[in-house]
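Asker: Just passing along the structure, written as structure tokens.
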Amino acid sequence: MAKIQQDRIVDLFMDLVKIDSETRKERQMADRLKVELEKLGLQVHEDNAGEKIGGSAGNVIGVLPGKGDGLTLLLCAHMDRVTPGEGIEPIIDNGIIKSKGETILASDDIAGVAAILEAIQVIKENNLNHGELKILFTIAEEGGLHGAKNVNPEEIRADYGICYDSGGPVGEIIVQGPAQYRFEATIKGKAAHAGVNPSAGINAIKVASLAINEMKLGQIDEETTANIGVIRGGQATNIVPDKVELLGEARSRTQNKLEAQVAHMKDITERAAEKYGAQAEVNTKLMYPAFSFKAEDSVIQLAQRAADSMGIPTKLVPSGGGSDANIINGYGIPTINLGIGMEKVHSVEEYIRIDDLVKAADYTVALIQTAVK
């Protein structure tokens, strides 16, 4: 197999993480990645997803026509990162890349971006046969998968999709991802003076507290979770609060369990409001669908054959988190998410081993070669 150039991919990774690219601020990253893809001979354009969500850039889409007869693969990674993700200074310490300062590293998901770019470079410079390759670098994944939600599915149509956005080791294949509902509740009580006449009021915070106390939250079962993450309300200590907003979510890999959990959260909130004479307005919205594959499914077989060709073990695992793979599967493109070795993501302790970065790119070359008929 053609080999990855370690120094080249490390240099690329170190360079890219220095480019500020927090969610909805991906302009510089999009411009750089368009140049990188064009240098590799891809047909490249940027879509209008950014305009739809109020971002500075759109998704970057590249197409490399096939050389020989092979399956069309979609390779996907996201351009944005969580905070604190500006002014990143990456350093190498004993074969590990980490951040020097009080920032994340942004291996989530620059490791995926770098693996894809290096793999295409290797394919091109070794004149290897390959099917058509479609590259999707998305915006605003961390903000709610908004880039993937606003891409034109016909522009990324492929036989199989591969997302690079999981923290497990290379060889780990995410075969199940949960659906997620957003939960929003507004509880309306009645304001009153807290010292002069508190009994004339209806304390919305008290109602919200009762609702949260009665809700099943946290780990509901092995594939279902729920959380209330934001509470907003109150004006002053001498005013009985008349309005509270609750923001939360529920996730499950089984749709009927998810529907039951959301219905439970809504029912508890409405019952708490009724008990104290308040009103509750509850809104729920499906944020992304679930996906599920079995070991015998063809996209899984492809990924396992590619791993076998490298001599690396594979492990099929479910995930409790959402990714662009959820959205792309919803477009009818069988898409898996891969472990690429990043560790402690979304924290200032984030790091990735150089060996894993190289292995992720090697695996990408293997996937592309395995897809050749």
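None of the figures in this text is laboratory data; all of them are computed from the coordinates on show. All values reported here derive from a predicted model rather than from experimental measurement. Positions of Cβ are generated from backbone atoms using ideal geometry, with glycine treated the same way; all protein chains shown enter the neighbour counts.
Asker: Under a 5 Å amide H to amide H cut-off, with H placed in plane at 1.01 Å, what residues pair with residue 172 once short-range neighbours are removed?
Answerer: Correct list: 315, 339.
Asker: Let me ask you something else. Could you compute the FRET efficiency for residue 316 and residue 286, with r as their C-beta to C-beta distance and R0 at 35 Å, rounded to 0.05?
Answerer: Calculated transfer efficiency: 0.85.
Asker: Report, in debye and to the nearest 20, how large the dipole of the stretch 1-157 comes out about its Cα centre when Lys and Arg carry +1 and Asp and Glu carry -1 on their Cβ.
Answerer: Here the size comes out at about 240 debye.
Asker: With the chain treated as a Gaussian network of Cα nodes joined by springs under 10 Å, which of 107, 21, 199 yields the largest mean-square fluctuation?
Answerer: 199
Asker: Give me the distance between the Cα centres of the stretch 79-149 and the stretch 1-60, rounded to whole Å.
Answerer: Using only Cα atoms, the two centres lie 8 Å from each other.
Asker: Further, regarding this structure: Angle between the Cα long axis of helix 354-370 and the longest principal axis of the chain, 0 to 90 degrees, nearest 10?
Answerer: Long axis of 354-370 versus the principal axis of the chain: about 70 degrees.
Asker: Once you wrap a convex hull around the alpha carbon atoms of the stretch 280-373, what is its projected area averaged over all directions, in nm²?
Answerer: The number I arrive at for the stretch 280-373 is 9.0 nm².
Asker: Using the Karplus equation 6.51 cos²θ - 1.76 cosθ + 1.60 (θ = phi - 60°), what ³J(HN,Hα) coupling, rounded to whole Hz, does each residue of the stretch 44-57 give in order, writing x for Gly and Pro?
Answerer: With the stated coefficients, the stretch 44-57 comes to 10, 8, 10, 8, 9, 4, x, 4, 6, 10, x, x, 8, 8 Hz.
Asker: Then there's this: Along the Cα-to-Cβ line of residue 86, 7 Å from the Cα, sits a label point; which residues in the stretch 119-163 have backbone N less than 12 Å from it?
Answerer: No residue passes the distance filter.
Asker: Another one. I need the phi-derived Karplus couplings for the stretch 131-147: 6.51 cos²θ - 1.76 cosθ + 1.60, θ = phi - 60°, integer Hz, Gly and Pro marked x.
Answerer: Each residue's phi maps through the Karplus curve to give x, 5, 10, 10, 10, 10, 9, 8, 9, 6, 5, 5, x, x, 6, 5, x Hz.
Asker: Residue 2 to residue 100: extension gain in nm, 0.36 nm per residue of separation minus the Cα-Cα distance?
Answerer: The residue 2-residue 100 span can extend by a further 32.0 nm.
Asker: How far, in nm, would the chain grow between residue 264 and residue 298 when pulled straight, counting 0.36 nm per residue and subtracting the alpha carbon separation?
Answerer: 8.5 nm
Asker: Could you list, in their original order, any pairs among 149/266; 100/359; 25/206 whose Cα atoms are separated by more than 28 Å?
Answerer: 25/206
Asker: Dipole size in debye (nearest 20) for the chain around its Cα centre, Lys and Arg Cβ +1, Asp and Glu Cβ -1?
Answerer: 820 debye
Asker: Rounding to the nearest 10 and keeping the result within 0 to 90°, find how far the Cα-based axis of helix 6-17 lies from the longest principal axis of the chain.
Answerer: That helix lies at roughly 30 degrees to the long axis.
Asker: Between residue 231 and residue 209, how many nm apart are label points set 7 Å from Cα along the C-beta direction?
Answerer: In this crude label model, residue 231 to residue 209 measures out at 0.8 nm.
Asker: Further question on the same structure: Using the basic label-point model (7 angstrom from Cα toward the beta carbon), what is the residue 247 to residue 128 distance in nanometres?
Answerer: Each label point is offset 7 Å from its Cα along the Cβ direction, giving 4.4 nm.
Asker: Shifting gears a bit: Normalised by the empirical 2.2 N^0.38 Å for globular proteins, what value does the Cα Rg of the stretch 10-154 take?
Answerer: In units of the 2.2 N^0.38 Å rule of thumb, it is 1.05.
Asker: Something else: Please list 3J(HN,Hα) in residue order for the stretch 328-343, calculated via the Karplus relation 6.51 cos²θ - 1.76 cosθ + 1.60 where θ = phi - 60°; whole Hz, with x for glycine and proline.
Answerer: For the stretch 328-343, the Karplus-derived couplings read 5, 4, x, 7, x, 9, x, 9, 10, 10, 10, x, 10, x, 6, 10 Hz, x marking Gly and Pro.
Asker: By how many degrees, 0 to 90 and rounded to 10, does the Cα axis of helix 27-39 deviate from the longest principal axis of the chain?
Answerer: Helix 27-39 sits at roughly 20 degrees to that axis.
Asker: I would also like to ask the following. Going by amide H atoms built from the backbone, whose H comes under 5 Å of the H on residue 26, apart from near neighbours?
Answerer: HN-HN under 5 Å from residue 26: 56, 57.
Asker: Give me Rg over Rh for the stretch 179-288, both radii from the alpha carbons and Rh done the Kirkwood way, two decimal places.
Answerer: That ratio is 1.05, to two decimals.
Asker: Further, regarding this structure: Out of residues 5 or more away from residue 290 or on other chains, whose amide H comes under 5 Å of its own, with H placed 1.01 Å from N in the peptide plane?
Answerer: Answer set, sorted by chain and number: 179.
Asker: While we're looking at this one, here's another question. D for the chain, whole µm²/s, Stokes-Einstein with Kirkwood Rh over alpha-carbon pairs at 20 °C and 1.002 mPa s: what number?
Answerer: In µm²/s, the coefficient is 97.
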